1. Report the calculated FRET efficiency for T110 and T146 (r = Cβ-Cβ distance, R0 = 35 Å), to the nearest 0.05.
2. Residues with beta-carbon under 13 Å from that of E14, excluding E14: net charge, scoring Lys, Arg +1 and Asp, Glu -1?
3. Please give, to one decimal in nm, the separation of the simple spin-label points placed at V29 and M129, each 7 Å out from Cα toward the Cβ.
4. Sorted by packing (mean other beta-carbon atoms within 10 Å per residue), highest first, where do 222-232, 153-163 land?
5. Using 10 Å bins from zero, what percent of all Cα-Cα pairs in segment 175-240 falls into each bin?
6. How much length would be gained if the chain were fully extended between Q173 and T51, taking 0.36 nm per residue of separation minus their Cα-Cα distance, in nm to one decimal?
7. May I ask you to compute the full-extension gain from K81 to A273, defined as 0.36 nm times their residue separation minus their alpha-carbon distance, rounded to one decimal in nm?
8. Sequence-distant or interchain residues sharing an amide H contact under 5 Å with V191, placed H: which?
Amino acid sequence: MTQRTTQQIITGQETSDGAGVHMKRLFPVQGIMQVDPFLLFDEFGSDDPGTYIGGFPDHPHRGFETVTYMLAGLMRHFDNKGNSGLLEPGGAQWMTAGRGLVHSEMPEQTDGLMRGFQIWINLPAAEKMVAPRYQDYRPDQIPAKTLANGTTLRVVAGSAGGIEGPVNGVSRQPLLVDVTLPAGTSWRNAVDAEATVLAHVFEGSAAIGGRDLGVTQMAVLGDGDEIEITAGPDGARVLILAARPIGEPVARAGPFVMNTRAEIEQAFADYQAGRFE
């Protein structure tokens, strides 16, 4: 096995999105527009309702997938075809926007902590116009395992620690694992040698790929087929993301991600004409 080393560390920047929801954005930011095939990575979190109660009102998507993983709070999603689901703490939604839909994600609480992640993953040209699809998973549908050294894994997509995540039938052979490590412990896991691999520290601190990372820092890992994480003195919680890159031109404008500017203009025209799903 060849261990991956950290090639770059990205630190989250304060921003807001939707109707003013406060978050830390890892990318896109100035100088880092994407990490193929990942287009966006946001960590949102606040116990002040004023910073999240506006949620993410109706907005369109086309040409990529969105992933929402909740740590705390309740978020209800709706779309323009009447689909609805409730995201709970520890739950996840994997939405393939494909050829287009209009949806919203709105808090179902008026106080308390709201915390989680929003991730966008690109689709290759051949899949950008597929039919939209939702995969909603309750916390009890996401398998978990505690290892002998106390490390706990929750696997949303892909395989880790001998358990398989529930997400299925999606592009890029993704891996999404929530790893909690006690102080000083280490965890190793095989990864797809062809995949882009990211490791985001959201609690504590950790050594990843030969570099030390703190809260709201992400390691972009180099080549190899194995990753290793060692928790700092207060333990660590790390979100592992992996997916095969696409290597195609990217044209993006707001909620649309296509391959050419002409396709972006067509997406706006289709949306304005009410032709989305």
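Laboratory data are not the source of any read-out in this text; all were calculated from the coordinates shown. Since the model is a prediction, treat every value here as computed from it, not as a measurement. So basically every Cβ, Gly included, is an ideal-geometry build from the backbone, and we count neighbours across all protein chains shown.
1. Working: r = 34 Å, r/R0 = 0.98.
Computed FRET efficiency for T110 and T146: 0.55.
2. On the way: positive: K24, R25; negative: D17, D42, E43.
Local net charge: -1.
3. 3.7 nm
4. Numbers: 222-232: 18.3, 153-163: 20.2.
So the peptides 222-232, 153-163, ranked by packing, come out 153-163, 222-232.
5. Reading upward from the zero bin: 24, 60, 16, 0.
6. Numbers: separation 122, 0.36 × 122 = 43.92 nm, distance 3.44 nm.
Value of the extension gain: 40.5 nm.
7. So the extension gain works out to 67.5 nm.
8. Counting only residues 5 or more places away or on other chains, the set is E226, I227.
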